[in-house]
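Right, one structure below, let's go through it.
What follows draws every value from the coordinates through simple rules; no lab data is involved. Please read these numbers as outputs of a predicted model, since none were measured by experiment. Don't worry about glycine lacking a Cβ; one is built from the backbone with ideal geometry, like all the others, and counts go over all protein chains shown.
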Amino acid sequence: MATLIDLAETPVRELNQALHTPSTATWRILNPRGAHAVACGIREDLAVEVEGHVGYYCAGMNQHATVTVHGNAGTGVAENMMSGTVRVRGNASQSAGATAHGGLLVIDGDAAARCGISMKGVDIVVGGNVGHMSAFMGQAGRLVVCGDAGDALGDSLYEARIYVRGTVKSLGADCVEKEMRPEHHAELAELLKAAERDEDPADFRRYGSARELYHFDVDNTAAY
């Protein structure tokens, strides 16, 4: 049986303390009403269902847990996540998955600007569109966009891989389109399956780093 916590009655601090020393493996959180830092810092293999919209940094620093938000999420959902799964059934604001090292972040709707900024190994699957400068300075991991991407996609990218099904408004500095080889179709198929998506990998294009900005070169000054 799930542990039920109503945030209309219980402060977020008490919720997070309970999740850090859990008595059960399944949790249901009611009335988040845009509260910030809901379900942050979990280190256990828990299943957490949040029934409603959340504010900043929901499920930040997640390890092992599966956190599902049945609503929209504010800035920095799953920020610095290490492992586990975070799913947003609605839309996400800017900087979703920022600096995340691992795990899977799924956003069923759209994600705003800088989705996956400085990602360091996380996999992010967005069912809709992403805003400008998504995957900015992405170091490792994969960003899958089933809709369209805004300006400056992959700006200053390192080794993160980007797959986009729709249109890309513009590519950022040092980001280029790359060939979709069989191993990339297979990788993408696994990511889509994990995210419970049914898009065809053949409909996507792949983007990555041209590797021209790894080291400073005076000839590239204008690109920095």
Report task. Find the Rg to Rh ratio for the range 98-224, where Rh is the Kirkwood radius over alpha-carbon pairs and Rg uses the same atoms. Result -> 0.96
Report summary line: Between Met82 and Glu212, Cβ-based FRET efficiency (R0 30 Å, step 0.05) works out to 0.45
Query raised in the report: Once both axes come from the Cα atoms, what is the angle between helix 182-194 and the longest principal axis of the chain, in degrees from 0 to 90, rounded to 10?
Result: 20
Requested in this report: Kindly provide the Kirkwood hydrodynamic radius of the range 3-197 in Å, to one decimal, from all pairs of distinct alpha carbon atoms.
Outcome: 16.3
Query raised in the report: Using just the C-alpha positions of the range 90-157 as equal point scatterers, what log10 of I(q)/I(0) does the Debye formula give at each q in 0.11 1/Å?
Result: -0.18
**Report entry** Beta bridges by DSSP in the chain, antiparallel share as percent, to the nearest 5
**Finding:** 15
Query raised in the report: Under 17 Å from the 7 Å Cα→Cβ point of Glu190, by amide nitrogen: which residues of the range 126-167?
Result: 140-144, 160-163
Report summary line: Computed for the chain: size of charge dipole around the Cα centre, +1 on C-beta of each Lys and Arg, -1 on C-beta of each Asp and Glu, debye to nearest 20, value 240
Query - Protection proxy ranking, peptides 71-82, 11-22, 124-135, 28-39, average beta carbon neighbours within 10 Å, highest first - result: 124-135, 71-82, 28-39, 11-22
Query raised in the report: What does the convex hull of the Cα atoms come to per residue for the range 1-53, in Å³?
Result: 68
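Can you give the calculated 222 nm mean residue ellipticity of the chain, where each DSSP H run of n ≥ 4 adds -39,500 (n - 2.57) and the sum is split over every residue, rounded to the nearest 500 deg cm²/dmol?
The per-residue figure over the chain is -3000 deg cm²/dmol.
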Report task. Scale the Cα Rg of the range 1-89 by the rule-of-thumb value 2.2 N^0.38 Å and send over the ratio, two decimals. Result -> 0.91
Query - Normalised convex hull volume, the range 178-217, alpha-carbon set, Å³ per residue - result: 83
**Report entry** Full-stretch length increase - Gln139, Lys178 - with 0.36 nm per residue and alpha-carbon distance subtracted
**Finding:** 12.4 nm
Query raised in the report: Length gain on complete extension for the stretch His64 to Thr26, per 0.36 nm per residue less the alpha carbon to alpha carbon distance?
Result: 12.4 nm
Query - Asp6 versus Ser170: modelled label distance in nm, points set 7 Å from Cα along the beta carbon direction - result: 5.1
